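Heads up: the structure comes next, in structure tokens.
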Amino acid sequence: MNAGSSRRVSGSYSDNRKSAIQNPKWGGLVVLVFAFAMGGAVATAQQPKKVTRIGYLSSGDAASESTRFEAIRLALRELGYIEGQNIAFEYRYAEGKRDRYPELAADLVRLKVDIIVVAGGAGPVRAAKNATKTIPIVMVGGGVDPVVAGLIESLARPGGNLTGLTSFSRDLGGKRLELLKEAVTKLARVAVLYDPAIQSSVPDVKEVLPVAARALKLTLQSGEVRGANELDKVFAALNKQRPDGLYVLGGPLMRANEKRIADFALKTRLPSTYVFREAVEAGGLMYYGADETESYRRVAYYVDKILEGAKPADLPVEQPTKFELIINLKAAKQLGLTIPPNVLARADRVIK
């Protein structure tokens, strides 16, 4: 084969393509195939991406939930779920009003979200379960035992369409009292503020805390609060009883009035401990409990698993493994209280 034939062979593809296009017999066919191929490529490029819709139902309000939800958003981003690209959120806040749970849950179901994340305890979780038997539900932040509450069959195999995380732990109540006594060396009487409508609060007040109090040689005084309008009455009773400390249990009512309660405790020089960390940031003295940031980050794991095809019924419900102690030194100063160095040394965070 000579050099000229070699060049013709090496250039045969472009030459043949050119001749085919110029040939009246073949040109139209080549153009048609080319256009079809390009059209398919454009159609593929313009194919809309699936956007997963996450419903977020909370017993609180947007302000108090912003930090918690940001932990979920960031953890989802690390897994490749980016808001505005392949994931979108629908927020519904009950703002401490329990009667709104059913309507807000039903609203998310009507929107046909892919997953419902529920924050705030048994009330909103039960409302979500009543609203749908098919949409996966991921719970987080509730202090109730989900098995005892009848929300799931067992922690290992929850069954149904509900899974997630619970912050329930019977050991926490005693530990909070113990830490409060270590911080306030003259502690003898502790008032316990709680909402009896919260399912997890009643056994705490009637069973868990009394056992711990006896071991610590503390006397408990319980104060029921069924509505925000009852707080002033309870505060007046506490002023007469003059306890040495205040233990505030959880629930939407307590969270919605955390600043009001913390302000009262500071004004009356009453060292206080809480089951939710925001109260300490609002002026309360101490928080001990599950690391909420870690718990809310873990929600992303459940969302990812479900979107990959896992069934909520088969995903075990997790209990907290990481706890934190937060002490507000600014509040301690206003109370005229000096926190012992050995207690401060164990704090994960100190507010100054």
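The values are calculated or read from the model by the stated rules, or taken from the named source; none is laboratory data. Keep in mind that this is a model prediction, so the values were computed, not measured. A quick note on method: Cβ atoms are made from the backbone with ideal geometry, for glycine too, and the neighbour counts reach across all protein chains shown. The accessibility values were calculated without ligands, DNA or RNA, using every heavy atom of the protein model including side chains. Shrake-Rupley method; radii C 1.70, N 1.55, O 1.52, S 1.80 Å.
Suppose the filter is more than 25 Å from R73 (Cα to Cα), in contact (Cβ under 8 Å) with a residue 40 or more places away in the chain and open to solvent by 30 Å² or more (accessible area, probe 1.4 Å); does R269 pass it? Break it down stepwise before answering.
Details: more than 25 Å from R73 (Cα to Cα): yes; in contact (Cβ under 8 Å) with a residue 40 or more places away in the chain: yes; open to solvent by 30 Å² or more (accessible area, probe 1.4 Å): yes.
For R269, the condition - more than 25 Å from R73 (Cα to Cα), in contact (Cβ under 8 Å) with a residue 40 or more places away in the chain and open to solvent by 30 Å² or more (accessible area, probe 1.4 Å) - is met.
Applying the criterion of being modelled with pLDDT under 95 and of a type in the set (D, E) to the residues of the range 246-287, the residue that is farthest from V343 (Cα to Cα) is E258. When each of A279, A262, A237, A215 is tested for being open to solvent by 60 Å² or more (accessible area, probe 1.4 Å) and not charged (D, E, K, R), the lone residue that passes is A215. In this structure, L246 qualifies as within 30 Å of V118 (Cβ to Cβ), open to solvent by less than 10 Å² (accessible area, probe 1.4 Å) and out of contact with any His (no Cβ under 6 Å at 6 or more places or on another chain). Among the residues of the range 314-323, those identified as outside any loop (DSSP other than H, G, I, E, B) and open to solvent by 60 Å² or more (accessible area, probe 1.4 Å) are D314, F323.
Determine whether V148 is touching a strand residue (DSSP E or B) at 6+ places or on another chain (Cβ under 7 Å), of a type in the set (A, V, I, L, M) and over 18 Å from M254 (Cβ atoms). Write out each step before concluding.
Working: touching a strand residue (DSSP E or B) at 6+ places or on another chain (Cβ under 7 Å): no; of a type in the set (A, V, I, L, M): yes; over 18 Å from M254 (Cβ atoms): yes.
When the stated conditions are applied, V148 does not pass them.
The set of residues from the range 105-123 being buried (at least 21 other Cβ atoms within 10 Å of the Cβ), over 17 Å from P312 (Cα atoms) and at pLDDT 95 or above comprises A105, L108. Tallying residues that are in contact with a strand residue (DSSP E or B) (Cβ under 9 Å, 6 or more places away or on another chain), farther than 23 Å from E294 by Cβ and free of Cβ contacts under 8 Å to residues at least 24 places away in the same chain within the range 331-351 yields 0.
For the range 326-344, a tally of residues being among the aliphatic types (A, V, I, L, M) and assigned to a strand (DSSP E or B) returns 2. Looking at the range 195-212, which of the residues that are under 18 Å from N257 (Cα atoms) and surrounded by fewer than 19 Cβ atoms within 10 Å (Cβ to Cβ) is nearest to the chain's Cα centre (by Cα)? Step by step, filter the range 195-212, then rank; the result is A197.
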